[in-house]
Amino acid sequence: MSALLTMSAVTGGYGDADILQQVSMHVDPREIVVIVGPNGAGKSTAMKAVFGLLTVRGGSIVFDGDDITRWSPDRIVQRGISYVPQVDNIFREMSIHENLEMGAFLKKGDLSAAYDRVYTLFPDLKERRKTLAGTLSGGQRQMVAMGRALMLDPKLLLLDEPTAGLSPKYMEQIFQICRNVRDTGVAILLVEQHAKQALAFADRGYVLASGQNRHEGTGADLLADREVAEMFLGG
Ligand SMILES: Nc1ncnc2c1ncn2[C@@H]1O[C@H](COP(=O)(O)OP(=O)(O)OP(=O)(O)O)[C@@H](O)[C@H]1O
Ligand SMILES: [Mg+2]
């Protein structure tokens, strides 16, 4: 199977300093891949590189047959990648429904199929579609952010710490939604602080540290790896 997304030896950063040093990863179609690693490892930066938010100085990013290295985020969204950032990922002063509408700003014509698809994945949001997003719980806000990102029918969804600050119950719910999203044909690349739970849930994972690849494998292999456990999973 050819990969949907391939990052090959990507080096880059925000100013002069390179944060990512030759980072390589891939995501296959319909795969859930997780990036774990310590704070400041470059996990968010790796996602930003895919989404065109980084100065990439070396290497390449290929998505669905196109070399998208140095494309603008606009063009990348239109090509089929949606991104949910780690913070500030919803419009608090708008209703749930308006947030979804904002997600579809690039889409012309009838949005009813897109709303149907998203509200089917998130029945809770449908019930509360007129509620202001800023008044929702953290878990519900995360669902709004994911729903917004799914309005454009991406092939790949990038999620930066979708379960940050959530209770274990909500975390499991978000993971289950990720599986449901994957079952509609969307691949997911996510960053997670809850490394053990995320590796148990994902198909494959990457451990990043200091802007470099450290380990990769199936979630189960990484969980069983003694060095990974000792260094990155708290023993
Ligand atoms: N906008 C920015 N400008 C300059 N440096 C940045 C910027 N964002 C992040 N960095 C630096 O890049 C490095 C990697 O940060 P990044 O946010 O990718 O880490 P992370 O693995 O996502 O960490 P966390 O688990 O805390 O979210 C850090 O040293 C950080 O200080
Ligand atoms: Mg981060």
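Listed cross-link partners LYS48/LYS169; LYS108/LYS130; LYS169/LYS196 are compared with a 19 Å cut-off, the Cα-Cα value being larger for LYS48/LYS169; LYS108/LYS130. Once the convex hull of all Cα atoms in the chain is built, its volume per residue stands at 119 Å³.
Entry note, the chain: the mean residue ellipticity at 222 nm calculated from DSSP H runs of n ≥ 4, each adding -39500 (n - 2.57), is -10500 deg cm²/dmol after division by the residues and rounding to the nearest 500. A straight chain from GLU93 to LEU111 at 0.36 nm per residue would run longer than the Cα-Cα distance by 4.3 nm. For segment 1-91, the alpha-carbon radius of gyration amounts to 1.04 times the rule-of-thumb value 2.2 N^0.38 Å expected for a compact globular protein. Using a/c under 1.5 as the rounded threshold, could you call segment 120-192 rounded, prolate or oblate? The axes a ≥ b ≥ c are square roots of the C-alpha gyration tensor eigenvalues, and prolate needs a/b larger than b/c, oblate otherwise. Because a/c hits 1.5 or more and a/b fails to exceed b/c, segment 120-192 counts as oblate.
So what's the gap between the Cα centers of segment 46-80 and segment 122-165, to the nearest angstrom? Between the Cα centre of segment 46-80 and that of segment 122-165, the gap is 23 Å. Going from the fewest other Cβ atoms within 10 Å to the most, the residues ILE188, ILE177 appear in the order ILE177, ILE188. Placing +1 on the Cβ of every Lys and Arg and -1 on the Cβ of every Asp and Glu, with no other charges, gives the chain a dipole of roughly 460 debye about its Cα centre. Here the chain carries DSSP beta bridges of which approximately 55% are antiparallel, counting only pairs with both residues inside. Residues whose amide H falls under 5 Å from that of VAL56, counting only those 5 or more places apart or on a different chain, are absent, with hydrogens built in the peptide plane. Exposure proxy for ASP116, ASP28: other Cβ atoms within 10 Å of each Cβ, ordered fewest to most, give ASP116, ASP28. In plain terms, the residue of VAL62, VAL87, VAL36, VAL50 with the fewest other Cβ atoms within 10 Å comes first and the most crowded comes last, giving VAL87, VAL62, VAL50, VAL36. The share of alpha-carbon pairs in segment 103-235 lying farther apart than 18 Å comes to 58%.
Each value in this text was obtained by applying a stated rule to the coordinates, not by laboratory testing. Since we're looking at a predicted model, the values are computed, not measured. Note: ideal-geometry Cβ built from the backbone for every residue, glycine included; neighbour counts use all protein chains shown.
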